[in-house]
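J.: Before we start, here is the structure in question, set down as structure tokens.
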Amino acid sequence: MVGPSLPPRRADLGRGRLACWMRHHEEDGMRLRGMPPTHARSLWRSVRRHGFTITALARHAARVHGDRLGLVVDGWSATFGELWRAAEGAAAVLYLDPLERRPRPVVVAVAGPAMPVALLGAARLGLDVMPISPGSLEELRPAIPRDALLVHDGDAPEWHRGPTVTGAQILEWSAADGSGLGRTRRRARIALPSRSLAGTVTTHVQGAMGVQGLRQLAGIHDRLGVEGTDVMLACAPLHRGKGLQLLGMALLTGATLVSAAHTPPADRIRIIRDRFVSVVSASPGQLTGILDELERTGEAPPRLRRILVAGQDLDADLVRRLHAVWGPIVLTAYGSVQTGTVALATPEVLSSHPGTAGRRLPGSDFGIVGHAGRGDATGLLWVRGAHATVITEDQARIEDGMLTIVGPLTRPDTAD
């Protein structure tokens, strides 16, 4: 194959390891608050069938939250049951036609509702899938397998040798009947490329989520307190780590996820009001835009239950400003493409330490390079999560188990 290849797969988890994890999950308090036993059993069955993957979460959501509105993207909406059927329909056609019954990686470089449908469809087939921004094909070229199936609305690059389909085709195929799609022994993995300050492109392949990723997701759930009745607004694109994490959160809890990437502040405020959004996830720049728009118009702020801040420098002044408008409902988070979110600060912590990124999540860890143990230290930060340990390019301070970034983030999220 011309171009980079993805790392070999790990052996699938056997029943013994699954049983051990389930016992450990219940013993260490990782069970989600309020999850009924029937839902826990559904999640268990989905994990046994599809592994610790986003496929398992989507199948679980379709089974227990089927008629509940699950995803809204650019005016397109689907219940959890419809989303699963759309993914299976697209997967069935992809398998027979462009894939020609042969497994190959799938690169999803398309915006709108076709992105999550193609992502879940590829995952349903057990294929490695790489979601990226439509405009990042050339920038991330070193990480993209040349013979991958490319989902892209523009012209395929000259260096790409694999088949190409459009987002419109994915949505058309999603109406097909994929209920007869056979079971696959392959376990979907999500490949997330990233670029260092030096310009080096690397690819992190998640065993799409895995045990540690599920523990982190459950830890975020416990601190963020997402409920099935919540409507979450994601200001990050769904192909980014934060967007994917919120999609996983929605599938796990039954909350509705509304995507509003690259949307003006006035439109985001309107969406919050019209959709009865209760939880907002956004970068400091995006939240500053919303606050500035409210001040400009003089309108009353819409009601919110939680605000999750991540992706850019943690600004203590912005936290105080948000608290002044909405009260102590702000949480801040820190993580990387390779590890996912590793630290999260609750409103109670932020009231005393407005600039902190919070304490470590279950299944994750962080520390200062060259400093042994978990004592207080300052220096170059390393983080661990989702089966990956990474030395970041950020300077940080750790005091009493709390993480604070002491300089500007080296790779901030610049999405609108």
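The values are calculated or read from the model by the stated rules, or taken from the named source; none is laboratory data. Owing to the predicted nature of the structure, the values given are computational and were not obtained by experimental measurement. We place every Cβ from the backbone using ideal geometry, glycine too, and count neighbours over all the protein chains shown. Just so you know, the surface numbers come from the protein's heavy atoms only, side chains and all, with ligands and any DNA or RNA stripped out. Shrake-Rupley method; radii C 1.70, N 1.55, O 1.52, S 1.80 Å.
J.: Taking the range 280-301 as the search range and keeping residues that are more than 21 Å from residue 246 (Cα to Cα) and assigned to a loop (DSSP other than H, G, I, E, B), which one is farthest from the chain's Cα centre (by Cα)?
T.: Result: 298.
J.: Check the range 252-260 and report whether any residue there is under 13 Å from the mean Cα position of the chain (by Cα), more than 15 Å from residue 75 (Cβ to Cβ), at pLDDT below 95 and not assigned by the TED database to the domain that holds residue 80. Step through it out loud before you land on a result.
T.: So in the range 252-260, the residues under 13 Å from the mean Cα position of the chain (by Cα) come out as 252, 257, 259.
If we keep only those that are more than 15 Å from residue 75 (Cβ to Cβ) as well, we get 252.
Going one step further and asking which of them are at pLDDT below 95, we end up with 252.
Now drop any that are not not assigned by the TED database to the domain that holds residue 80, which leaves 252.
So far as the range 252-260 goes, yes, one or more of its residues are under 13 Å from the mean Cα position of the chain (by Cα), more than 15 Å from residue 75 (Cβ to Cβ), at pLDDT below 95 and not assigned by the TED database to the domain that holds residue 80.
J.: Can you pull out every residue in the range 363-416 that is under 30 Å from residue 189 (Cβ atoms) and open to solvent by 90 Å² or more (accessible area, probe 1.4 Å)? Show your work before the answer.
T.: First, the residues of the range 363-416 that are under 30 Å from residue 189 (Cβ atoms): 363-367, 369, 380-394, 396, 403, 405, 409-416.
Once the filter is applied, which keeps residues that are under 30 Å from residue 189 (Cβ atoms) and open to solvent by 90 Å² or more (accessible area, probe 1.4 Å), the range 363-416 yields 384, 387, 391, 411, 414, 416.
J.: I'd like to know if the range 114-134 contains one or more residues that are in a loop (DSSP other than H, G, I, E, B), under 24 Å from residue 77 (Cα atoms), open to solvent by 50 Å² or more (accessible area, probe 1.4 Å) and of a type outside the set (A, V, I, L, M). Walk me through it before giving the result.
T.: First pass over the range 114-134, keeping only residues in a loop (DSSP other than H, G, I, E, B): 125-127, 132-133.
If we keep only those that are under 24 Å from residue 77 (Cα atoms) too, we end up with 125, 132-133.
Going one step further and asking which of them are open to solvent by 50 Å² or more (accessible area, probe 1.4 Å), we end up with none.
Within the range 114-134 (the criterion being in a loop (DSSP other than H, G, I, E, B), under 24 Å from residue 77 (Cα atoms), open to solvent by 50 Å² or more (accessible area, probe 1.4 Å) and of a type outside the set (A, V, I, L, M)), the answer is no, since none of the residues qualifies.
J.: So which residues in the range 306-326 are in a loop (DSSP other than H, G, I, E, B) and surrounded by 16 or more Cβ atoms within 10 Å (Cβ to Cβ), if there are any at all?
T.: First pass over the range 306-326, keeping only residues in a loop (DSSP other than H, G, I, E, B): 310-315.
Listed by number, the residues that qualify are 310, 311, 312, 314, 315.
J.: Within the range 157-174, take every residue that is of a type in the set (Gly, Ala, Ser) and under 25 Å from the mean Cα position of the chain (by Cα) and give me the one that is least open to solvent (accessible area, probe 1.4 Å).
T.: Within the range 157-174, the match that is least open to solvent (accessible area, probe 1.4 Å) is 167.
J.: On the basis of being in contact with a Lys or Arg (Cβ under 6 Å, 6 or more places away or on another chain) and over 19 Å from residue 223 (Cβ atoms), does residue 325 make the cut?
T.: Values: in contact with a Lys or Arg (Cβ under 6 Å, 6 or more places away or on another chain): no; over 19 Å from residue 223 (Cβ atoms): yes.
So residue 325 fails the test.
J.: If you take the residues in the range 79-111 that are part of a loop (DSSP other than H, G, I, E, B) and in contact with a helix residue (DSSP H, G or I) (Cβ under 6 Å, 6 or more places away or on another chain), which one is least open to solvent (accessible area, probe 1.4 Å)? Before the answer, list the steps.
T.: Within the range 79-111, the first condition is being part of a loop (DSSP other than H, G, I, E, B), and the residues that meet it are 97-105, 110-111.
Next cut, in contact with a helix residue (DSSP H, G or I) (Cβ under 6 Å, 6 or more places away or on another chain) only: 110-111.
Details: 110: 6, 111: 68 Å².
Among residues in the range 79-111 that are part of a loop (DSSP other than H, G, I, E, B) and in contact with a helix residue (DSSP H, G or I) (Cβ under 6 Å, 6 or more places away or on another chain), the one least open to solvent (accessible area, probe 1.4 Å) is 110.
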